[in-house]
Amino acid sequence: MTVPPPMVSAQDIGKFFLAADGRAVQALDGVSLTVREGEFVCVVGPSGCGKSTLLRILGGLVEPTTGTVARRPGQPPVPPAAFVFQDFAVLPWLTVRSNAAFGLRMAGVRRRAAERAADAWLLRMDLADFADGYPDQLSGGMRQRLALARAFATGSPVLLMDEPLGSLDPQTRRLMQEQLLALWQEERKTVVLVTHSLDEALLLGDRVLVMSARPGRVIEELAVPFARPRDPGIQDGPEFGRLRARIWDRLRDQLSVSAR
Amino acid sequence: MTAPPRPRAVAPADEAVRAVVGRARRTTWRYAALGIAVPAVLLLGWQAAGMAGLVDTLLFPPPSRIAVRCVELAASGDLGADTAATLGRLVPGYVIGAAAGALAGFVMGVSRTAGAALGPLFSALYSVPKIAVLPLLLLLFGLNDTPKILAVAITVFFVLQINTASAVRQIDPRLLESARSYGASGLRLLRFVLLPGALPGVLTGLRTASGLGVVVVVAVEFVASESGLGHLIWNAWTLFQPDRMYVGLVAVAMLGSLFSAAVTLAGRRAMPWRSR
Ligand SMILES: Nc1ncnc2c1ncn2[C@@H]1O[C@H](COP(=O)(O)OP(=O)(O)OP(=O)(O)O)[C@@H](O)[C@H]1O
Ligand SMILES: [Mg+2]
């Protein structure tokens with residue numbers, strides 16, 4: 001069996017920020033990561049450890065202070081990577097449809113064609129009835145699905161998702177996890193997903209990276225052994241519990257570090 | 001044949017919806033009525049006080065006399081001519097000032113260089129009362145409409161420039177980042193993000209400027225004009241015609257509120273996403 005080619009790979013990434021008081025804050029320290037085509041990588045870590053920063057660096061929104069990032073270039077009009085942001089960041093002045101079509105429009109696709117693709121994704125995300133409304137009229141969960149539709153509609157092979165289900169209530173969240181699992185199994189995108197939920201990471205990911213408290217380093221890498229296609233029922237099995245306990249063990253030390 | 005059960009099940013919900021809509025509409029009407037009732041009561045009080053001899057009707061002519069005078073002036077065409085003269089200065093000045101101010105503010109908001117180069121200068125100029133440059137404008141352009149239009153334009157310009165520049169700078173950086181991550185740049189960024197993102201601030205500027213524009217045009221007409229509502233008021237003072245003066249004041253008040261209402265309405269049209 002051949003190994004799929006890398007889509008994004010980061011070597012020895014370090015990142016410093018200038019804090020408001022003029023001091024340098026180190027967000028990341030020597031993070032290396034290779035994500036291969038069709039792989040689903042989940043990143044967990046304590047709050048403020050640099051997960052969002054890592055995602056931005058992988059997507060090319062932020063330059064690393066040290067280290068290098070290589071991305072497989074997109075073929076226009078398909079962008080090399082599509083983001084789902086922690087706070088959705090859909091544009092309030094565009095209709096739901098225009099938001100879903102936004103990535104394609106920005107890539108130069110004509111309005112008609114972009115909106116047709118957007119409509120298909122709104123339908124899949126159960127938002128077709130709201131296509132002509134504005135994001136303000138959507139609930140939090142719906143806005144989240146809109147952000148997903150916007151990312152998927154670009155057709156980008158790489159999705160970088162920052163706690164995309166973070167603001168959902170537990171029931172909706174579980175439902176969306178299952179939908180995301182099904183969606184990924186149909187689409188086989190390359191995904192990097194930042195999450196605070198260990199269950200989510202184990203249910204969806206092929207690999208789980210555990211990061212240390214700031215400055216963020218990868219302290220543990222865990223291959224998830226469950227075969228694809230996965231059934232959401234695996235969450236109730238004993239193996240799932242064992243893996244969760246193992247990640248939690250590593251994470252707990254870091255949480256107490258960052259709480260100090 | 002039995003009646004289908006569905007309409008019956010739906011009817012109570014329909015009724016509930018109707019009740020909610022009805023209540024909302026009644027509330028709207030109640031507040032609108034209140035807004036009209038208070039001034040009406042004040043006017044009636046004024047009228048009654050005048051008729052009872054509680055106020056000097058020479059200085060405070062009762063509303064009925066002002067209304068009569070208003071009809072006279074309107075019928076003779078004087079009021080219409082003065083209103084037209086004022087509008088002829090206000091509207092061009094406002095449009096020119098707003099367009100130039102929004103453009104300058106936009107450029108200063110987008111380009112840090114332009115903001116750094118022009119920001120301090122403009123904020124120094126902003127604090128100069130614009131009416132103070134009228135003599136200079138009169139000197140430059142003579143006693144015609146140009147200096148009056150320019151006085152309005154300059155006032156409106158600064159309001160728009162400052163509001164627009166800060167509106168552009170205050171666009172949520174997370175939205176900018178998200179737009180950029182989807183490849184927005186150049187003209188597309190402008191059209192899909194910067195312009196709509198700055199629009200609320202521009203409209204705040206337009207509303208503020210509509211009020212200030214009326215103030216400035218009237219003030220300019222006080223001192224340097226032979227026509228217009230400002231001249232009507234000033235002239236009524238010099239000829240001691242209080243009721244004519246009140247007609248002018250009422251006309252200015254109406255003009256001002258209609259003008260800002262028009263701007264507000266246009267703003268609502270321009271920002272359909274702000275419906276809630
Ligand atoms: N633009 C910035 N300027 C200054 N400091 C920043 C900036 N972005 C992030 N930081 C700092 O870098 C650190 C990592 O931030 P980041 O948002 O990547 O954390 P995170 O792991 O995503 O946290 P969370 O789980 O709460 O979302 C934090 O200490 C944050 O304050
Ligand atoms: Mg984050």
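No value in this document is a laboratory result; all are computed from the given coordinates. All figures in this text were calculated on a predicted structure; none of them were measured in a lab. Positions of Cβ are generated from backbone atoms using ideal geometry, with glycine treated the same way; all protein chains shown enter the neighbour counts.
Note the angle between two axes, namely the Cα long axis of helix A:111-124 and the longest principal axis of the Cα atoms of chain A, as a number of degrees from 0 to 90, rounded to the nearest 10.
60 degrees
How high is the FRET efficiency between residue B:144 and residue B:58 when r is their beta carbon distance and R₀ equals 30 Å, given to the nearest 0.05?
Computed FRET efficiency for residue B:144 and residue B:58: 0.25.
Diagonalise the Cα gyration tensor of chain A and give the resulting equivalent ellipsoid semi-axes, square root of 5 times each eigenvalue, largest first, whole Å.
Those come to 29, 22, 19 Å.
Non-local amide H neighbours of residue A:37 (under 5 Å, H modeled in plane, Pro and chain starts lacking H): which ones?
A:7
Would you be so kind as to identify all helices of chain B, as entire DSSP H runs, whose Cα atoms reach 27 Å or more along the helix's own axis and whose mean Kyte-Doolittle hydropathy is at least 0.5?
Span-like helices here: B:78-110, B:145-169, B:195-224, B:242-270.
If you take the charge dipole of chain A about its Cα centre, with +1 on Lys and Arg Cβ and -1 on Asp and Glu Cβ, which of A:209, A:27, A:255 is farthest toward its positive end?
Most positive-ward Cα: A:27.
If you stretched the chain out fully between residue B:257 and residue B:14, how much longer would it get, using 0.36 nm times the residue separation minus the C-alpha to C-alpha distance?
Using 0.36 nm per residue and subtracting the Cα-Cα distance, I get 83.6 nm.
What 222 nm value per residue comes from the helices of chain A, counting each DSSP H run with n ≥ 4 as -39,500 (n - 2.57) and dividing by all residues, nearest 500 deg cm²/dmol?
-11000 deg cm²/dmol
Once you put a point 7 Å from the Cα of residue A:242 and another 7 Å from the Cα of residue A:183, both along the Cβ direction, what distance in nm separates them?
My value for the distance between the label points is 3.2 nm.
If you wrap the stretch A:187-257's Cα atoms in a convex hull and average its projection over all directions, what's the area in nm²?
Value for the stretch A:187-257: 5.1 nm².
Across peptide B:187-193, what mean number of C-beta atoms from other chains lies inside 10 Å of a residue's C-beta?
Across the residues of B:187-193, the mean count of other-chain Cβ atoms within 10 Å is 3.
Dipole size in debye (nearest 20) for chain A around its Cα centre, Lys and Arg Cβ +1, Asp and Glu Cβ -1?
The calculated dipole for chain A is roughly 520 debye.
Shielding by partners for A:88-95, please: the mean number of other protein chain Cβ atoms within 10 Å of each residue's Cβ.
6
Among A:148, A:134, A:107, pick out the residue whose Cα is farthest towards the positive end of the charge dipole of the stretch A:90-155, where Lys and Arg carry +1 and Asp and Glu carry -1 on C-beta, about the Cα centre.
With unit charges placed on the Cβ atoms, the residue in question is A:107.
Take the Cα atoms of the stretch B:60-195, find their three principal axes, and give me the spread along each one in whole Å, biggest first.
Computed over the stretch B:60-195, the largest-to-smallest principal extents equal 66, 35, 27 Å.
Order the peptides A:171-182, B:245-256 from the highest to the lowest mean number of other Cβ atoms within 10 Å of their residues.
The densest-packed peptide leads the list: B:245-256, A:171-182.
Compute and list, largest first, the equivalent-ellipsoid semi-axes of chain B from the alpha carbon gyration tensor, each √(5λ) rounded to a whole angstrom.
Semi-axes from the Cα gyration tensor: 41, 37, 14 Å.
So, with +1 on the Cβ of K and R and -1 on the Cβ of D and E, and no other charges, what is the size of the charge dipole of chain B about its Cα centre, to the nearest 20 debye?
Computed charge dipole of chain B: roughly 1560 debye.
Cα to Cα, under 15 Å, and not fewer than 8 places away if on the same chain: which aspartates and glutamates meet these conditions relative to residue A:189?
Within reach: A:37, A:39, A:206.
Express as a percent, rounded to the nearest 5, the fraction of DSSP beta bridges in the protein assembly as shown (both residues included) that run antiparallel.
Taking every DSSP beta bridge within the protein assembly as shown, about 55 percent pair in antiparallel fashion.
Let's test the formula: R0 of 25 Å, r as the Cβ-Cβ distance of residue A:169 and residue A:137. What FRET efficiency results, to the nearest 0.05?
For R0 = 25 Å, the calculated efficiency reads 0.85.
Given a cut-off of under 8 Å on Cα pairs at least six residues apart, what relative contact order in percent is computed for the stretch B:63-275?
Relative contact order for the stretch B:63-275 comes out at 27 percent.
Mind checking the full-extension length gain between residue B:111 and residue B:29? Use 0.36 nm per residue of separation minus the Cα-Cα distance, one decimal, nm.
Roughly 24.8 nm would be gained on extension.
Summarise the long-distance tail of P(r) for the protein assembly as shown by giving the % of C-alpha pairs beyond 47 Å.
37 percent
Of A:60, A:48, A:92, whose Cα points farthest to the positive end of the dipole of the stretch A:38-108 (charges on the beta-carbon: +1 Lys, Arg; -1 Asp, Glu; origin at the Cα centre)?
A:92
If you average over every viewing direction, what projected area does the convex hull of the Cα atoms of the stretch B:55-117 give, in nm²?
It is 7.8 nm².
Collect residues whose amide H, placed 1.01 Å from N in the peptide plane, falls under 5 Å from the amide H of residue A:206; neighbours closer than 5 in sequence don't count.
It is A:40, A:41, A:42, by chain and number.
Rank-order B:173-185, A:223-235, B:154-166 by packing density, defined as the average count of other C-beta atoms within 10 Å over each peptide's residues, highest first.
B:154-166, B:173-185, A:223-235
How far apart, in nm, are two points set 7 Å out from the Cα along the Cα-to-Cβ line at residue A:116 and at residue B:187?
2.4 nm
Working from Cα positions, state the angle (0 to 90°, nearest 10) between the long axis of helix A:238-259 and the longest principal axis of chain A.
70 degrees
How would you order A:49-55, B:210-216 from highest to lowest mean count of nearby Cβ atoms within 10 Å?
A:49-55, B:210-216
Work out the mean other chain Cβ neighbour count within 10 Å for the residues of A:70-81 and drop it here as an integer.
1
Rounded if a/c is under 1.5, else prolate if a/b is larger than b/c, else oblate: which is the stretch A:90-155, with a ≥ b ≥ c the root eigenvalues of its Cα gyration tensor?
Because a/c hits 1.5 or more and a/b exceeds b/c, the stretch A:90-155 counts as prolate.
Can you give the local net charge around residue A:141? Use residues other than it whose beta-carbon is closer than 13 angstrom to its beta-carbon, Lys and Arg +1, Asp and Glu -1.
+2
With charges set only on the Cβ (+1 for Lys and Arg, -1 for Asp and Glu), what does the dipole of the protein assembly as shown come to about its Cα centre, in debye to the nearest 20?
Around 540 debye, computed over the protein assembly as shown.
If you fit an axis through the alpha-carbon atoms of helix A:140-153 and take the longest principal axis of the Cα set of chain A, what angle between them do you get, 0 to 90°, nearest 10?
Once rounded, the angle reads 80 degrees.
Run lengths n ≥ 4 of DSSP H only: what is the helix-derived mean residue ellipticity at 222 nm for chain B, with -39500 (n - 2.57) per run over all residues, to the nearest 500?
Using -39500 (n - 2.57) per qualifying helix, the result is -28000 deg cm²/dmol.
Measuring from a point 7 Å past the Cα of residue B:44 along Cα-to-C-beta, which residues in the stretch B:58-83 have an amide N at less than 19 Å?
The answer is B:62-67.
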